[in-house]
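Student: Here it is: the structure, laid out below.
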Amino acid sequence: MRVFQRSVFTVSYRRAVFQVFFVVRGGGYGEWGRLIRDYCAMYDICGARSDGKVLNCPVGSPAVKPDELLSAKIQSLCPTITGNVCCTEAQFNTLRTQVQQAIPFLVGCPACLRNFLNLFCELTCSPNQSQFINVTSIAKVGNNLTVDGIDFYITDTFEWYAFIGRQAGLGVPGSPYAINFLPSAPESSGMIPMNVSTYSCGDTSLGCSCGDCPSSAVCSNSALPPPPKKGSCSVRIGSLKAKCVEVAVAILYIILVSLFLGWGFFHRKRNRSPASRTKPLVNVPNGGIIRRANSQKDENIPMQMLEDVPQITNGVQLSIVQGYMSKFYRRYGTWVARNPILVLCSSVGIVLVLCLGLIRFQVETRPEKLWVGPGSRAAKEKQFFDSHLAPFYRIEQVDAIRANYSGSMISLTDICMKPLGNDCATQSVLQYFKMDQQNYDSFGGLDHVEYCFQHYTSAETCASAFKAPLDPSTALGGFSGNNYSEASAFIVTYPVNNEIDEEGNGTKRAVAWEKAFIKLAKISYLVMFAYISLTLGDAPRFSSYYISSKVLLGLSGVVLVMLSVLGSVGFFSAIGVKSTLIIMEVIPFLVLAVGVDNMCILVHAVKRQQVELPIEGRISNALVEVGPSITLASLAEVLAFAVGSFIPMPACRVFSMFAALAVLLDFLLQVTAFVALIVFDFLRAEDNRIDCFPCIKVSGSNAELEKGSHQQKLGLLARYMKEIHAPILNLWGVKLLVVCAFSAFALASIALCPRIEPGLEQQIVLPRDSYLQGYFNNLTEYLRIGPPLYFVVQNYNFSSESRQTNQLCSISQCDSNSLLNEIARASLVPESSYIAKPAASWLDDFLVWLSPEAFGCCRKFTNGSYCPPDDQPPCCSSSSGSCGLSSVCKDCTTCFRHSELQNDRPSTEQFREKLPWFLSALPSADCAKGGNGAYTSSVELKGYEDGIIRASAFRTYHTPLNKQIDYVNSMRAARDFSSKMSESLKIDVFPYAVFYMFFEQYLNIWKTAVINLAIAIGAVFVVCLVITCSFWTSAIILLVLAMIVVDLLGIMAILNIQLNALSVVNLVMSVGIAVEFCVHITHAFLVSSGDRNQRMKEALTTMGASVFSGITLTKLVGVLVLCFSRTEVFVVYYFKMYLSLVLLGFLHGLVFLPVILSMFGPPSRCVLIEKQDDRPSTSSQF
């Protein structure tokens, strides 16, 4: 892969001449010449300076008729000079040697080239020298007089060359004698200014490319791209400027709140009238299933009814699905309580078998396998680029502001890219000194650097050690425009060889991430375990706490959670699905949070049962009480994650698969192994055995333990929910305030969503004290050039019959709307195109290299084989140090004459034959257009013999991309540009940059997030609807889940948390966790009796404490640990988002949901039924 840029030169006349070291030879005037036609002012060479630059003789003499061969040579370079000449063959060869360095850069604009050659041809060989050249000073070199200064009279059209007339010092490029360009001659002198024809760059016969001459007639119709459309719809209210979406949301909120408050006051006024609240006898429809409430007296039934109708009792009319679930859990609970060992061993054994798949465990770190699907555009384009051209080189950069380079056993020179020899293609300003500090003083120090800033493409002394030009914009930073001398920073880039097979790349980085996570996970698990052990046990009593505590039960529950995660990973590893870092970071927390909830709910349900019942009865009653809600919540979570396996982003798809199975396994272990463990723990406590040491039994009666531990006495949280929390929420004003406040935040969050930017800042994934933090900050502050951008052309037809050559190139006779012209035009508006400069074009350089004008480039020996430039072996012997016209290459001729080309374009056969020559030609001073190194990997020659080049690339640069949104917008702009060009030219063009693989996900990240969330929430709704058979209940759960997710998005906008794969996974996970806050309260409300306010109070009393202690606090203590992470990604995407989720779930589940249920809740499933005398009184079912 090439590592430097061969610039596309937009050459003005001034810069074109200044970039070449001209040595002009001529004669003299004064006493040596006459002011007549066909008379010379200078003729022949009479000496040379100490630096080797030759000097002309100040001898006036008649013009000389050259021989036929010399005349042909002169006319090939100087078509305006015919007949006699004022130069010898040696003078002409010197002229040709000097101007050929500039010709390759001017061939793209024939008018510029012709004007340039006319000036120096007339100066050197014109037969009328004496009419416009006056020798003003002479010098003695050896025994000969030589020209030391001249006046050159030219017309105004040539005045732009005046700046090159300064006499150059020894060893400095420039003229060996002073040339004073004058626009007019004194009348007394009789001299006439040189007035050879000049051509405008817009001349149709010598048309220039649009890049060189935007004013050309063929280019005038090509308008610049439209300026970027900044901003969005906004409304100004006085001095306040708000977005349209924000104003619309505010208006909608005002309307909704007004309607709600109006309804609320009307409803309140209507309910003030007395009404009978006695619940009539409810007839149970055929097929319905009724579950009698627990034998405890229901305080919600009026006392008068209980006295007058003793045969009436409470029951719960369940849906068919819930009825079968209750029946199943009744029988299953009894069976588990009688066979705990069998259940525990079988369930754990099955999961351990799944864990065996861990022997095939692998972590996927390749970005193309994580962020884009196999059918994605970025994956296909990267595969095409890597296989047809070359993999993008690996980059190592050292920022001089904060340099920190750590070496390894393999030195940099062993792995760096060396395109043209043994020197690394290091991008650094030190290349202007050949990467050798000894050259600093000898080259001229800072003066040499400033000189190279302007002449890096042409000056041989400025060429890099790896023999290629170095664009200062790629190595400097902190400057404005082209003022490189103002740079306040420099960048050193080390391109490193890369391979197509990237298997294993990034493994060390992945291991580092895993280690950082595992350390945090251990702490979080320990904190959760400590809290679980405390909350599962009874209120601490010093006399009996060592028996009533649940430390061993809590530890066992955490182990089951870990087994469910390992079982999920093991199963998918066994079938060949690789894990990801997201899975290793997120799923343990997710499953632990869900598992802890179920553990607390199950234990609390067993503890609420009658002490008089045997353990089988307590376990079965507890499962009947909470089993349906646990099943509903778990199945909703499993389905919410499972449907995510159909999304296209592999990282999210794999996460959804692993999470769904892990949550399912965790649920199954909770209702099997953990229930068995509960049986063992309660039997241990009843037998007075010490927790954690069950083999030790203490003496004494357990009557006090049973009295303190198993009496149905409300705990502190339950009493708070019943006596404080529920009564406050039952106040009508509080209800209105809660609904208005939560609705306001939800609508505000919707308005804030557009502020969430896609991306993942690189600094976030690094430790806070990493040296790379400063590196990325300095890149943002100083860098003035962005990542390389390639426009890849597929199936380029270079045959004579095709117009595609002119549709791609940007030199003379190319289409004004060609690809390269449009790229150059787009670079003029970088704020919208994100293109920094015109593209380096192998096609332009190849056509120039082929051109007969570039006579130092494409040459051939008499036998037809390739002849290199005169300054390369075998033409130039490096041992002798002489690089003149050697005998080896003296007979070399240009590859083609103009007559052999078709409108200056090669035929199919000529193109096919010379392209390999061009790609193997080394660039040098005599011909800087050689393609070796610069374009070696830009063209695929495989199969090109049929006139089709399967793949070729044109490289430019993006503008500096400082934020993640810049990367996303630059990729979108490049793709839009390529699509437009493909449609316009009917040629397949696509953009490629190495970062596209990482950022393609962000082009549709909002679509991915919305689809995932919609599917997850929809799946929860479907599960709730199937199990409860209540559309009303399912709709309320759906509303609360949607509000939690929307509010979480609003908090992301407030905290500047970006939208990426991590946050999308967290959002999907929030749906599963939020279900826990809703389902249990809603289910308890559904099966309670009384009016809505009474049922809300009973639901909070029954399940509120479990939701708060078992769901909210368990998640909170585990999340708080993450705030101490040194890596910002854990703090931002796990601590902040998880903490926000827990708080939102708590507020919605225990504040907003109870208020909504008390106002709009579904009717009660609790009914009044006649008590059957022949049924056992101890039964609580059917």
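Student: Return the total of residues in the range 920-943 being open to solvent by less than 20 Å² (accessible area, probe 1.4 Å) and either part of a helix (DSSP H, G or I) or among the basic types (Lys, Arg) (or both).
Tutor: The total comes to 1.
Student: Separate question: Restricting attention to the range 1091-1108, and to residues there that are over 22 Å from Val1142 (Cβ atoms) and part of a helix (DSSP H, G or I), which single residue is farthest from the chain's Cα centre (by Cα)?
Tutor: Going through the qualifying residues, I end up with Gln1094.
Student: Identify the single condition in (1) outside any helix (DSSP H, G or I); (2) modelled with pLDDT of 85 or more that Ser1088 does not satisfy, given that it satisfies every other one.
Tutor: The one condition Ser1088 does not meet is (2).
Student: Continuing with the same structure: I need every pair where a residue in the range 27-53 that is at pLDDT 70 or above has its Cβ under 8 Å from the Cβ of a residue that is of a type in the set (D, E, K, R) and assigned to a loop (DSSP other than H, G, I, E, B), sequence separation at least 6 or different chains.
Tutor: Sorted first by the residue in the range 27-53, then by its partner, the pairs are Met42/Arg25; Ile45/Arg25.
Student: For the range 1034-1057, does any single residue satisfy the condition of being among the polar types (S, T, N, Q) and under 38 Å from the mean Cα position of the chain (by Cα)?
Tutor: Looking through the range 1034-1057, at least one residue is among the polar types (S, T, N, Q) and under 38 Å from the mean Cα position of the chain (by Cα).
Student: Among the residues of the range 528-574, how many are surrounded by 17 or more Cβ atoms within 10 Å (Cβ to Cβ), assigned to a helix (DSSP H, G or I) and modelled with pLDDT under 60?
Tutor: Residues that pass the stated criteria total 7.
Student: Going by the structure shown, is Ile835 aliphatic (A, V, I, L, M) and under 19 Å from Asp471 (Cβ atoms)?
Tutor: Answer is yes for this residue.
Student: Residues being free of Cβ contacts under 8 Å to residues at least 40 places away in the same chain and touching a helix residue (DSSP H, G or I) at 6+ places or on another chain (Cβ under 7 Å): count how many of those fall in the range 714-737.
Tutor: The total comes to 1.
Student: Do we find a residue being touching a Phe, Trp or Tyr at 6+ places or on another chain (Cβ under 7 Å) and without any contact (Cβ under 8 Å) to a residue 60 or more places away in the chain anywhere in the range 978-998?
Tutor: No: the range 978-998 contains no residue that is touching a Phe, Trp or Tyr at 6+ places or on another chain (Cβ under 7 Å) and without any contact (Cβ under 8 Å) to a residue 60 or more places away in the chain.
Student: Gly881 versus (1) surrounded by fewer than 24 Cβ atoms within 10 Å (Cβ to Cβ); (2) at pLDDT below 85; (3) at negative phi: which is the lone unmet condition?
Tutor: All conditions are met except number (3).
Student: What's the number of the condition Leu760 fails, among (1) farther than 30 Å from Glu246 by Cα; (2) under 25 Å from the mean Cα position of the chain (by Cα)?
Tutor: (1)
Student: Still on this structure, I have one more. State all residues of the range 953-1008 that are in contact with an Asp or Glu (Cβ under 7 Å, 6 or more places away or on another chain) and assigned to a strand (DSSP E or B); if no residue qualifies, say none.
Tutor: Phe990, Tyr992 - these are the residues of the range 953-1008 that are in contact with an Asp or Glu (Cβ under 7 Å, 6 or more places away or on another chain) and assigned to a strand (DSSP E or B).
Student: Which ones in the range 612-649 are out of contact with any helix residue (DSSP H, G or I) (no Cβ under 6 Å at 6 or more places or on another chain) and either part of a loop (DSSP other than H, G, I, E, B) or more than 16 Å from Ala1084 (Cα to Cα) (or both)?
Tutor: Passing the criteria: Glu612, Leu613, Pro614, Gly617, Phe646, Pro648.
Student: Related question: Residues in the range 634-659 that are touching a Leu at 6+ places or on another chain (Cβ under 9 Å) and farther than 13 Å from Ala1019 by Cα: how many?
Tutor: Residues in the range 634-659 being touching a Leu at 6+ places or on another chain (Cβ under 9 Å) and farther than 13 Å from Ala1019 by Cα: 5 in total.
Student: Also: Looking at Glu723, Glu706, which is the one that is of a type outside the set (Lys, Arg), open to solvent by 50 Å² or more (accessible area, probe 1.4 Å), assigned to a helix (DSSP H, G or I) and at pLDDT below 85?
Tutor: Among Glu723, Glu706, only Glu706 is of a type outside the set (Lys, Arg), open to solvent by 50 Å² or more (accessible area, probe 1.4 Å), assigned to a helix (DSSP H, G or I) and at pLDDT below 85.
Student: Got a sec? Which of Ser629, Ser645 is under 18 Å from Phe572 (Cα atoms) and not aliphatic (A, V, I, L, M)?
Tutor: After applying the criteria, what remains is Ser645.
Student: Sticking with this structure for a sec: How many residues does the range 911-941 hold that are touching a helix residue (DSSP H, G or I) at 6+ places or on another chain (Cβ under 8 Å), of a type in the set (D, E, K, R) and at pLDDT 90 or above?
Tutor: Number of matching residues: 3.
Student: Can you tell me which of (1) at pLDDT 85 or above; (2) touching an Asp or Glu at 6+ places or on another chain (Cβ under 8 Å); (3) crowded, with 24+ Cβ neighbours inside 10 Å; (4) not acidic (Asp, Glu) is the one Gln1058 doesn't meet?
Tutor: (3)
Student: If you take the residues of the range 118-140 that are touching a Gly at 6+ places or on another chain (Cβ under 8 Å) and among the aliphatic types (A, V, I, L, M), which of them is farthest from Pro186 (Cα to Cα)?
Tutor: The selected residue is Ile138.
Student: Give me the pairs: first residue in the range 639-662 and open to solvent by 30 Å² or more (accessible area, probe 1.4 Å), second residue modelled with pLDDT under 80 and not in a helix (DSSP H, G or I), beta-carbon distance under 7 Å, and six or more apart or on different chains, which are they?
Tutor: Pro648/Gly373; Arg653/Ile647
Student: Sort out which residues of the range 340-365 are open to solvent by less than 50 Å² (accessible area, probe 1.4 Å) and either touching an Asp or Glu at 6+ places or on another chain (Cβ under 9 Å) or more than 30 Å from Glu381 (Cβ to Cβ) (or both), and write them in order of number.
Tutor: Listed by number, the residues that qualify are Pro340, Val343, Leu344, Ser347, Val348, Gly349, Val351, Leu354, Cys355, Gly357, Val363.
Student: Turning to a different aspect of this structure: Which of the helices (runs of 4 or more DSSP H) found entirely inside the range 80-195 contain at least 3 residues meeting this: more than 21 Å from Leu55 (Cα to Cα), modelled with pLDDT of 80 or more and open to solvent by less than 40 Å² (accessible area, probe 1.4 Å)?
Tutor: Where helices (runs of 4 or more DSSP H) fall fully within the range 80-195 and carry at least 3 residues being more than 21 Å from Leu55 (Cα to Cα), modelled with pLDDT of 80 or more and open to solvent by less than 40 Å² (accessible area, probe 1.4 Å), they are 110-125.
The values are calculated or read from the model by the stated rules, or taken from the named source; none is laboratory data. Owing to the predicted nature of the structure, the values given are computational and were not obtained by experimental measurement. Note: ideal-geometry Cβ built from the backbone for every residue, glycine included; neighbour counts use all protein chains shown. Note: areas computed on protein heavy atoms with side chains; ligands, DNA, RNA excluded. Shrake-Rupley method; radii C 1.70, N 1.55, O 1.52, S 1.80 Å.
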